[in-house]
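Asks: Supplied in structure tokens, the structure appears directly below.
The values are calculated or read from the model by the stated rules, or taken from the named source; none is laboratory data. Worth saying up front: this structure is predicted, and the values here are computed from it rather than measured. Note: ideal-geometry Cβ built from the backbone for every residue, glycine included; neighbour counts use all protein chains shown. We work out accessible area using only protein heavy atoms, side chains counted, and drop any ligands, DNA or RNA first. Shrake-Rupley method; radii C 1.70, N 1.55, O 1.52, S 1.80 Å.
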Amino acid sequence: MQRMSLPPAPSAWTHRFAALGPTFYTKWQPTPLPAPYWVGASLTLARALGLCPHWLHGEHALQVFSGNAVLDGMRPLASVYSGHQFGHWAGQLGDGRALLLGELASATGPLEVQLKGAGRTPYSRSGDGRAVLRSSIREFLCSEAMHALGVPSSRALCVTGSHAPVQREEVETAAVLTRVAPSFIRFGHFEHFAHRGQHDALKALADFVLEHFYPECRDQTGNPYANLLLAVSLRSAALVAQWQALGFCHGVLNTDNMSILGLTVDYGPFQFMDAFNPGHICNHSDERGRYAWQRQPAVVHWNLLCLGQALLPLIGRTELALAALESYPTQFAAAFEQRFAAKLGLTAALPQDAKRIDTLLQLLAQDAVDFSIFWRRLSHAAAGFAAPSASLASASAAIAPVRELFRHTDAFDAWAQDWRDRLQRQSGFDAGATTARMLATNPQLVLRNHLGEMAIERARAGDFSALQRLQTALEHPFTARPGEQDLADFAPTWAAQIQISCSS
Ligand code: AMP
Ligand code: MG
């Protein structure tokens, strides 16, 4: 392993997680990746980390982010965690192919930098420690796309590839993703130490999270660990409401994929739905649909109960832990209604809006309407409702592009009439401003599976132009730009045949 110190490479690495001590990880060096090449990089994130874009494009950075060189100041380690997978206790898991390099400063505080796919670790179990190009590109694109959509998420700095073969269902090639988050601590980290009865370690971990990420929970009255559980529950409820509002399915909501910070992490078989189907299962390995779109809110609650169980030795009383979690369904429902009210152009959700949203989702499901296109067209329609007295003809012309998405047009007409009345009854209703608000919450562009697949296919052939074009477009998901209309269009029919599994 080469060691190098290269201006203007990052120099000031910090190591807050490492300071927790060896109970929490194993120091471990990346396994070199033969003849790496650049696949993609996020310059906005590079700048946020104080990295020089020229350096990031260069040969030294290529070696560093492929695991072939370790910069002065980096202290690579693999952390240990456990977790529940598909509802069952899975025992010890851990960073089987991820290595934390340390933290770099940013305007929002220190950010952890991890390599994913840099070889086997003591936690690899039967895995090869590698990641394939396909899944690394998907995680890279989606992390940055989620950030641009305003969804809390780990981010992605860059991807490098190699022609080194990796065996999955078929032989693929290796890649290394460099990802970034304030912390990669998962619910499973807590479960690990609770399950083993290592209560000192459990407390040290919880105190670490309180100190760095939830100081308010320590300062409030009451049990700080119960406060932490409540705070994580609130963040998770808000996160899953955002997923639902975007038609996003995570795909593998195991407790080891649940961030203690309420971030979207571990992008695997995720999907933004094309045709809306509440029972949609994006993960081909999820035979029973545990992680179907409509189950995500309940599954996240279940995961929070696992976290509550793990924190119990610190909280002390079961009633306190349960009390911290009992508000989750109401918190989620409120966040969900607020998100969907905003999607509908409403400035505040009223009690009757829950029914309005529910009816709409049933209509969308009944006619398998394209989720993103529906919301975008609906946003434009509002501009045609200029005044309560606006002629019926102009209102129906405005709604026509939305209406044509439905087969059951009578049912849609009734819903649309009610929605229009509701909008126009809002005090100070302004059609143009309503559309502008809706366009800022209903994206024109999401990372549909087929877009990812097309970029991956080209990248496999050594052509990264489609990937770059998609990455750039995903950086401004709410603004339609000339020349990008094809990306915001309906999915081609072959998209329904794409099968994405846990294999990555
Ligand atoms: P995931 O389903 O990607 O969240 O992974 C679950 C667990 O399996 C985590 O502990 C991963 O580190 C580990 N894992 C997944 N793929 C591999 C691999 N190819 N090699 C080693 N460990 C892996
Ligand atoms: Mg995982």
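Asks: Quick one: compute the contact order of the chain, relative version, from alpha carbon pairs under 8 angstrom and 6+ residues apart, as a percent.
Replies: Contact order relative to length: 14 percent.
Asks: Treating the Cα atoms of segment 446-491 as identical point scatterers in vacuum, please give the log10 of the normalised Debye intensity I(q)/I(0) at q = 0.16, 0.18, 0.25, 0.33 Å⁻¹, two decimals.
Replies: -0.40, -0.50, -0.92, -1.30
Asks: If you average 1/r over all unlike Cα pairs in segment 145-201 and invert the result, what Kirkwood radius do you get in angstrom?
Replies: The answer is 14.8 Å.
Asks: Next question. What accessible area per residue, rounded to a whole number of Å², is obtained for the chain using a probe radius of 1.4 Å?
Replies: Accessible surface, normalised per residue, equals 39 Å².
Asks: What nm distance separates the two modelled labels at Asp489 and Ala414, each placed 7 Å from Cα along Cα→Cβ?
Replies: For the pair Asp489/Ala414, the computed spacing is 3.6 nm.
Asks: Output the peptides 189-197, 226-234, 360-368 sorted from most to least packed, where packing is the average of other Cβ atoms within 10 Å over each peptide's residues. Walk me through the numbers before you get to the answer.
Replies: Details: 189-197: 21.9, 226-234: 23.8, 360-368: 17.7.
Most protected by this proxy first, the peptides run 226-234, 189-197, 360-368.
Asks: Rank Asp430, Asp274, Asp353 by accessible area, highest first, at a 1.4 Å probe radius?
Replies: Result of the area sort, largest leading: Asp430, Asp274, Asp353.
Asks: Place a label point 7 angstrom from the Cα of Val171 along the Cα-to-Cβ direction, then list the residues of segment 441-480 whose backbone nitrogen is under 19 Å away.
Replies: The answer is 460-462.
Asks: Would you mind computing, in nm to one decimal, how far apart the modelled labels at Arg407 and Gln362 are, each placed 7 Å from Cα along Cα→Cβ?
Replies: That separation, rounded to one decimal, is 1.8 nm.
Asks: Just name one of Ala383, Ala433, Ala397: the one whose Cα is farthest towards the positive end of the charge dipole of segment 348-439 (beta-carbon charges, Lys/Arg +1, Asp/Glu -1).
Replies: Ala433
Asks: Further question on the same structure: Write down Rg/Rh for segment 336-424, rounded to two decimals, with Rg from the C-alpha atoms and Rh from the Kirkwood relation over Cα pairs.
Replies: Rg/Rh for segment 336-424 comes to 0.93.
Asks: Here's a follow-up. Give, rounded to the nearest 20 debye, the magnitude of the charge dipole that segment 449-497 has about its Cα centre when Lys and Arg contribute +1 at Cβ and Asp and Glu contribute -1 at Cβ.
Replies: 80 debye
Asks: Output needed: percent of Cα pairs per 5 Å distance bin for segment 234-301, bins running from 0 to the one holding the longest distance.
Replies: 3, 19, 33, 29, 12, 4, 0
Asks: Counting only C-alpha contacts under 8 Å and six or more residues apart, can you give the relative contact order of segment 2-184 as a whole percent?
Replies: Worked out over segment 2-184, it gives 25 percent.
Asks: Something else: P(r) tail for segment 184-273, what percent of Cα pairs lie past 22 Å?
Replies: 32 percent
Asks: Beyond 21 Å, what share of the Cα-Cα pairs of segment 2-184 is found? Please give it as a whole percent.
Replies: Numbers: 7917 of 16653 pairs.
So the pairs more than 21 Å apart make up 48 percent of the total in segment 2-184.
Asks: Can you pull the accessible area of Ser124 for me, 1.4 Å probe, Å² to the nearest 10?
Replies: Counting only protein heavy atoms, Ser124 exposes about 10 Å² to solvent.
Asks: Place a +1 charge on the Cβ of each Lys and Arg in segment 62-136 and a -1 charge on the Cβ of each Asp and Glu, then give the dipole magnitude about the Cα centre in debye, rounded to the nearest 20. Intermediate results must be reported in sequence, preceding the final value.
Replies: Working: 7 positive and 5 negative charges, 64 e Å.
Dipole about the Cα centre, nearest 20: 300 debye.
Asks: Provide Rg over Rh for segment 273-338; use the alpha carbon set for both Rg and the Kirkwood Rh (inverse mean inverse pair distance).
Replies: Rg/Rh for segment 273-338 comes to 1.09.
Asks: Further question: Which one, Gly117, Ser135, Gln167, projects farthest toward the positive side of the charge dipole computed for segment 113-182 from Cβ point charges (K/R +1, D/E -1)?
Replies: Gly117
Asks: Suppose every Lys and Arg Cβ carries +1 and every Asp and Glu Cβ carries -1, with no other charges. What dipole size does segment 2-184 come out with about its Cα centre, to the nearest 20 debye?
Replies: Around 220 debye, computed over segment 2-184.
Asks: Segment 181-336: percent of C-alpha pairs farther apart than 22 Å?
Replies: 39 percent
Asks: So, one more: Ignoring ligands, DNA and RNA, what percent of the accessible area of the chain is carbon or sulfur (1.4 Å)?
Replies: Using a 1.4 Å probe with all protein chains present, the chain comes out at 55 percent carbon and sulfur.
Asks: Please compute the Cα-Cα pair-distance distribution of segment 347-504 with 5 Å bins starting at 0, giving whole percents from short to long.
Replies: 1, 8, 15, 18, 18, 14, 10, 8, 5, 3, 1, 0
Asks: For the chain, just the Cα set please: Rg and Dmax, both in angstrom.
Replies: Values for the chain (Cα only, Rg and Dmax): 23.5, 74 Å.
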